[in-house]
Amino acid sequence: MGFAAAGLVEGGLRILQLTEDDQIWSVLVTRRNGQLRAFLNACPHQYLPLDFAGPNILSADGATLMCSMHGAMFAIEDGHCVTGPAMPCALTAVDVLEKDGMVRLGAIRW
Ligand code: FES
């Protein structure tokens, strides 16, 4: 599963569908300071997609993702919850790699 790296600019966000073990997962992919980060699009508070109640889930500075349902906020660096009802949990990371102009998703880090 992948897409052209040019489709994810600095501070950008893509939401993709990843198929693994016959299940389909929604995955968030961001780029901050040139580094890609990917997480399952599932808030650990009630396991709803972060964009369940609205599309604006990435902070203006690209440092945090916010769950649109109850406002839990997660650090882009490692997905840990920094405030809100999902504390002390974290988003589930997904391996992501950029190579030859493509962004490719890998394993889910349960
Ligand atoms: S479902 Fe995300 S904060 Fe409640």
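Read the figures in this text as sums done on the coordinates, not as results from a lab. Predicted model only: the values in this text are computed from it and were never measured. Glycine also receives a Cβ, built like all others from the backbone with ideal geometry; neighbour counts cover every protein chain displayed.
Cβ-Cβ contacts under 6 Å between residues 6 or more apart (or on different chains), taken from a first residue in segment 87-110 that is on the phi < 0 side of the Ramachandran plot to a second residue that is part of a loop (DSSP other than H, G, I, E, B) and surrounded by fewer than 16 Cβ atoms within 10 Å (Cβ to Cβ), are listed as 93/109; 105/1. Taking segment 1-55 as the region of interest, the strands (runs of 3 or more DSSP E) fully inside it that hold 2 or more residues being within 26 Å of residue 85 (Cβ to Cβ) and of a type in the set (A, V, I, L, M) are 13-20, 23-32, 35-40.
Yes/no per residue for (1) surrounded by 20 or more Cβ atoms within 10 Å (Cβ to Cβ); (2) under 21 Å from residue 8 (Cβ atoms):
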residue: 28; (1), (2): yes, yes
residue: 52; (1), (2): no, no
residue: 68; (1), (2): no, yes
residue: 72; (1), (2): yes, no
residue: 81; (1), (2): yes, no
residue: 86; (1), (2): yes, no
residue: 92; (1), (2): no, yes
residue: 104; (1), (2): no, yes
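Checking each residue in segment 77-107 for being away from the ligand (no atom under 16 Å from the Cβ) and small (Gly, Ala, Ser) picks out 93, 101, 106, 107.
So for segment 1-19 (the condition being near the ligand (Cβ under 10 Å from one of its atoms), hydrophobic (A, V, I, L, M, F, W, C) and surrounded by 15 or more Cβ atoms within 10 Å (Cβ to Cβ)), does at least one residue qualify?
no
It is to be established whether one or more residues within segment 82-99 are in a strand (DSSP E or B) and polar (S, T, N, Q). Taking every residue of segment 82-99 in turn, at least one turns out to be in a strand (DSSP E or B) and polar (S, T, N, Q). In the set (1) assigned to a strand (DSSP E or B); (2) away from the ligand (no atom under 15 Å from the Cβ), the condition left unmet by residue 74 is number (2). Close contacts from segment 59-82, counting a first residue that is touching a residue at least 12 places away in the same chain (Cβ under 8 Å) and a second that is of a type in the set (S, T, N, Q) and more than 15 Å from the ligand (Cβ to nearest atom), with Cβ to Cβ under 6 Å and a gap of 6+ residues or different chains, come to 76/30.
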